[in-house]
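Bear in mind these aren't lab numbers, they're just calculated from the coordinates by the rules spelled out. Keep in mind that this is a model prediction, so the values were computed, not measured. Heads up, the Cβs are rebuilt from the backbone with ideal geometry, glycines too, and the neighbour counts pull from every protein chain shown.
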Amino acid sequence: MKLFDVYPLNNIAITKALGAYVWDDKGVQYLDMYGGHAVISIGHTHPHWVKRIEEQLEKIAFYSNSIIIPLQQQLADKLATVSGKNDFQLFLCNSGAEANENALKLASFHTGRKKILAFNKGFHGRTSLAVAATDNPSIVAPVNQTDHVDFLPFNDETALNAYFQSKGNDLAAVIIEGIQGVGGINIASDSFLRLIRNLCNQYGVVFIADSVQCGYGRSGQFFAHDVDGVQADIYSMAKGMGNGFPIGGILIAPHIQPKHFMLGTTFGGNHLACAAALAVLEVMEKEELMQNTKRIGDYLMSELSKIEAIENIRGKGLMIGFDVPEHLKGLKKKLLDDYRVFTGEAKPNVIRLLPSLALNQQQADAFLTALKKSIAELQENKSI
Ligand SMILES: Cc1ncc(COP(=O)(O)O)c(C=O)c1O
C-alpha cells in the first residue's frame, strides 16, 4: 500500500533523538532548530518524560471519558500553577486544529452567534471551522467555504474598529495567534491585542488566543498574548503540550459555562496523554525552561542581528524568524545538507527557528556558526 502523498519530504529517516539532537538511520547527528515544527518543548526523549509515559503504560493507557481520570485534574492543577490561569477550566483534546475547532464552536454556543473574525496570514488548522478561519485558500475545500468567517489585515487597528462598528453584534469570536507561525513569525502588537480585548468586552465577543504554536512557554512567557492588560477568554494549546505525544486542549475563562455533551472526544485526556503532558510541565518548572527560552532567545536575536546578509530578524523567545534574500535562497537546504541543522521555513523566503525550549548556549552557538559558514559559502559560490 502506498502512503497518501501529501507531504514534501526530506530524504532523511530519523531513528533516534535526545535533547536538541536527532540521528538518522546511518548514525548522522543533526541539530534540531525546528523542534519537529515547534512540538519539542522540553527536549527530545527527555528521561523524565520517557519514565512518566513508561510507568503510566504499565498501569493503564486509555479509558473513555465516561469515568473519572484523576490525571486530568492533576494536569489542570499543574497548568493553573504554571500558566497562572487559576480560575480557568480545561477541556482536553488531541491536536491544535481540534483545540481551535472546539474553541470556535464553544464561542458560538456561548454567544448564540455565527460570525468569526480572523486575520490575514493566520493559520488555525485543517478541520472544518479551523481551516475556514485560516487564510490559505489552497487548503480550504469547497465544503469548508463559509460566509461566517471574515478576514482583516493583521495589526490594522483602523480596520478592526470599523469592522466591530458594523458587525460587532453578530460576532461570536475573534481568533488570533499572538505570534503568527506558519504566516512567517509576525508578532501581534500589544496595542492590537488590547484593542481586541476592549472591543470583545464592549460587544460581548469571545477572544480566542490561538496559542498552539506561540504558547506553552515558547515566547518566554506561558502565553504570548498576555501583554499588559490582556487576558483572552479561550486559549488553544497543542504542539509543545506533549513534547511529541499527541495532546491538545483549551483553557476556558470562568464566565463560559459548560453543559453536558456540548463538547466531547473519545481520545482527548486519556491517561497516557495526561502523563506525557504532566511530565512536560514538571520539567518546564524544574528546569526553568521559560527563563531559559527568554535568555537563549534574546541571545540568538542579538547575534542574528549582527549578521548583515539576513533581514528582518523578528520573534520572541525561541520563536524566531528572518528573511533570506534571493541570492541566499539555498540557505535552508545548505544548513541541512552540509551542516546537519534542521530549521523551519515559511513561504516565500522566511527561515523559522523553533527549537526545544531547553536549547543551551553552546547549541545556539553551533547553529550560529553553521549559519555564518553557510552564508559565506553561498556568497562565495555566487561571486565565482
Ligand atoms: C497557530 C496554529 N494553530 C493551529 C495549528 C494546527 O495544529 P495541528 O497541526 O496540531 O492540528 C497549527 C499547526 O501548525 C498552528 O501553527
- Query: Only one of (1) within 16 Å of the ligand (Cβ to nearest atom); (2) touching a strand residue (DSSP E or B) at 6+ places or on another chain (Cβ under 7 Å) is not met by Ile139, so which one is it?
  - Reply: (2)
- Per the list (1) under 17 Å from Ala103 (Cβ atoms); (2) part of a loop (DSSP other than H, G, I, E, B), residue check on Gly184 breaks on (1)
- Query: Taking helices (runs of 4 or more DSSP H) that do not extend beyond the stretch 266-384, which have at least 3 residues that are within 30 Å of Tyr63 (Cα to Cα) and charged (D, E, K, R)?
  - Reply: 271-286
- Query: What is the number of the single condition among (1) surrounded by fewer than 24 Cβ atoms within 10 Å (Cβ to Cβ); (2) in a strand (DSSP E or B) that Ser236 does not meet?
  - Reply: (1)
- Message: Can you list the helices (runs of 4 or more DSSP H) lying wholly within the stretch 1-97 that have 2 or more residues being more than 20 Å from Lys239 (Cα to Cα) and free of Cβ contacts under 8 Å to residues at least 60 places away in the same chain?
- Response: 47-59, 70-83
- For the stretch 254-287, the count of residues that are closer than 15 Å to Lys105 by Cα and away from the ligand (no atom under 16 Å from the Cβ) equals 9
- Query: What's the number of the condition Ser236 fails, among (1) within 30 Å of Ser166 (Cβ to Cβ); (2) touching a helix residue (DSSP H, G or I) at 6+ places or on another chain (Cβ under 8 Å); (3) more than 16 Å from the ligand (Cβ to nearest atom)?
  - Reply: (3)
- Item | Whichever residue in the stretch 195-217 is assigned to a loop (DSSP other than H, G, I, E, B) and either among the hydrophobic types (A, V, I, L, M, F, W, C) or touching a helix residue (DSSP H, G or I) at 6+ places or on another chain (Cβ under 6 Å) (or both) and, among such residues, is nearest to Ser95 (Cα to Cα) | Val212
- Task: Report, by residue number, each residue of the stretch 9-47 that is out of contact with any strand residue (DSSP E or B) (no Cβ under 9 Å at 6 or more places or on another chain), of a type outside the set (Val, Ile, Thr) and surrounded by 15 or more Cβ atoms within 10 Å (Cβ to Cβ).
- Result: Ser41
- Only one of (1) under 23 Å from the mean Cα position of the chain (by Cα); (2) over 21 Å from Met301 (Cα atoms); (3) acidic (Asp, Glu) fails for Glu380. Which number is that? (1)
